[in-house]
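Visitor: I'd like to ask some things about the structure below.
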Amino acid sequence: MRILIVEDERPTAEDIELLVKQILGKEITSIHIETTLGNALLYINEKTIDVLLLDLNLNAKDGFQILKQVVSKSFQTIVISANINRAIEAFEYGVLDFIPKPYSLERLQAAFQRLKSSHALDGHAIKYLSVKKGFEIRVIPIDEIRYFKSANIYVELHLKDGHSVIYDKPIKQLVPLLPSNYFRIHKSYIVNVETIETIQTLGGGKYRVVLKSGDCLPVSRKVINKLRSILGLEFNYSNINN
């Protein structure tokens, strides 16, 4: 795992580095510290990282500018900051976790455990995704997305207006950011279960869902029973074709 720590106080950065090494051990491929906004942006643009540990106050400059500029990159961001009034805003734009200062080993451990979570913590899910097109960044509300489709190392966002855009994170990194009502129905598809109209059996062990939008998407046999259970708790079974 390649980690970048962005913290303007060097002793604090080195303390975070020590704790991360205790947590991850041999999982760490590289770990690097930057103490200024400008150098952090240069490093991110030149190097590949998996996790960004970000302070929001960088020598009187707003670390949130890093978040806004690189939110469409393929790494996850964990904010470590005393500026807790920015927490909700950070979560809405795709931060994996927000750790208030003073931080602890246990709290950092919990943040890294979220990398393997099936969905975001309650109340800490994203409301928007930022996608980069050329030099522009477009902010898309989650509610405007019909479904998510894996496209190799990226994800296609299929929008309610009929268009699709590319989100620069693989689907496995998107899953921990989404609310619990989003379900990975297939290795290549994620949907909001509240938008499912029916489940259909196609024969030969094949299934699909029909969304309220009319979209038909495949369902993996591995998750069909779990999906039926989820829908059974929230929907009348008479609306589901088996």
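Visitor: In degrees between 0 and 90, to the nearest 10, how far off the longest principal axis of the chain does helix 224-234 point, with axes built from Cα atoms?
Guide: Around 90 degrees separate the two axes.
Visitor: Considering amide H positions built from the backbone, and no H for Pro or chain starts, which residues 5 or more places from residue 58, or on another chain, come under 5 Å of its amide H?
Guide: Long-range HN contacts for residue 58: 63.
Visitor: Could you tell me which of rounded, prolate or oblate describes segment 2-116, using a ≥ b ≥ c as the square roots of the eigenvalues of the alpha-carbon gyration tensor, with rounded for a/c under 1.5 and, failing that, prolate when a/b is larger than b/c and oblate otherwise?
Guide: Values: a/c = 1.23, a/b = 1.13, b/c = 1.09.
Cα axes put segment 2-116 in the rounded bin.
Visitor: Helix 37-46 sits at what angle to the longest principal axis of the chain, using alpha carbons and giving 0 to 90 degrees rounded to 10?
Guide: Helix 37-46 and the main axis of the chain meet at about 50 degrees.
Visitor: Then there's this: For segment 99-107, just list the computed ³J(HN,Hα) in residue order, Karplus coefficients 6.51, -1.76 and 1.60, θ = phi - 60°, integers in Hz, with x standing in for Gly and Pro.
Guide: 9, x, 7, x, 7, 9, 4, 5, 5
Visitor: Could you give each residue of segment 157-174 its phi-based ³J(HN,Hα) in whole Hz, using Karplus coefficients 6.51, -1.76, 1.60 with θ = phi - 60°, and x for Gly or Pro?
Guide: 9, 9, 8, 5, 7, x, 8, 9, 9, 9, 9, 7, 9, x, 4, 5, 8, 7
Visitor: Check which residues have an amide H placed less than 5 Å from residue 219's amide H, if you skip close sequence neighbours.
Guide: 207, 208, 209
Each value in this text was obtained by applying a stated rule to the coordinates, not by laboratory testing. Here the structure is a predicted model, which is why all the values come from computation and not from measurement.
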